[in-house]
Amino acid sequence: MKLRLSAPRHLVDLNFIPETSHIQSNGALRLGAMTRHADIAASAEAARIPILGDCAAGIADPQVRHMGTIGGSIAEADPTGDWAPVLLATGATVKTLGPGGERSIDLGEFILDAYTTALAPAELVTEIVVPLPPERSGGAYIALKRCAPVYASASVAVQLTMHDDHTCQDARVYLGVLGLTATRVTAAEELLRITPITADSMEKVREVVMEIAEPTSDMRGSADYKRQAAGALAKLAVETAVQRARGEHVEATHLYA
């Protein structure tokens, strides 16, 4: 609306609808649509899935984090947003409510294209449901930005479940920002599952991500720069996810350059 790309005839303020902002752990982590990014970043419940904190704490600046909501971010389906690759990596679902009743939609089926979702007319997002990961799981989300308020040049979300300290049982790898929707890198996931995770295998993940990534040049960098960044971020995110899966406390912060 600020850019005059949208000019609705009516606006409805959702801030005062009861029970739309919550963080609950009841078999899964449930995030109300009106839950602020800052609340997720500060939540002990959300901290059980560290990749969520990585994302929430790095979104824009404090003003945006204290006003922006996870439901609004997902409903907008902005391809440069942070939440989509993170929630896809965790296997999240979206709860909606409309004239036809309630629906539960896998996030991969909810986001159809840039700024396009499966929401029907008069339907609202009510909740994001994130499965609690198994033991020996860890994830990480890392984005490269020029400065905090701007959109990322590249971002990578990785969620792993380890069989032991060195062998991966399951993996999800998503690239953000580099396409109209988040890009799943199945080749990197397969690579992580079939070999012990070592410095060499993480280097191969970097190479696979660079092969898969199809960025375009814009004000945030050239296509080659973004491709190189995606590979480096993937390697770093895998390393952080493995350490977290081993029970190590590792901070994952966005990179600025």
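Each reported figure results from applying straightforward, stated rules to the coordinates on display, with no laboratory input. Worth saying up front: this structure is predicted, and the values here are computed from it rather than measured. Cβ coordinates were reconstructed from backbone atoms using ideal geometry, including for glycine residues, and neighbour counts include every protein chain displayed.
Here are the numbers for this structure:
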quantity	calculated
Net +/- balance of residues flanking Ala154 in space, Cβ distance below 11 Å, scoring K and R +1, D and E -1	+4
Residues of type lysines that Lys226 reaches as a straight line, Cα spacing below 29 Å, ignoring anything fewer than 8 places off in the same chain	Lys2, Lys145, Lys204, Lys235
Total formal charge among the other residues, if their Cβ is under 14 angstrom from that of Thr183, Lys/Arg +1 and Asp/Glu -1	0
Crossing angle, helix 199-212 versus the chain [Cα axis fit, 0-90 degrees, rounded to tens]	50
222 nm mean residue ellipticity, helices alone, for the chain (DSSP H n ≥ 4; -39,500 (n - 2.57); rounded to 500)	-9500 deg cm²/dmol
Label point distance in nm, Phe16-His66, each placed 7 Å from Cα along Cα→Cβ	2.1
Selected from Val208, Val12, Val242 as most flexible by GNM, with the chain as the system and alpha-carbon contacts under 10 Å	Val12
Crossing angle, helix 223-245 versus the chain [Cα axis fit, 0-90 degrees, rounded to tens]	80
Label-to-label distance, nm, for residues given as Ala148 and Ala114 (7 Å Cα→Cβ offset)	2.8
Zone of Ala199's modelled label, taken as backbone nitrogen in segment 220-243 under 19 Å from a point 7 Å along Cα→Cβ	232-243
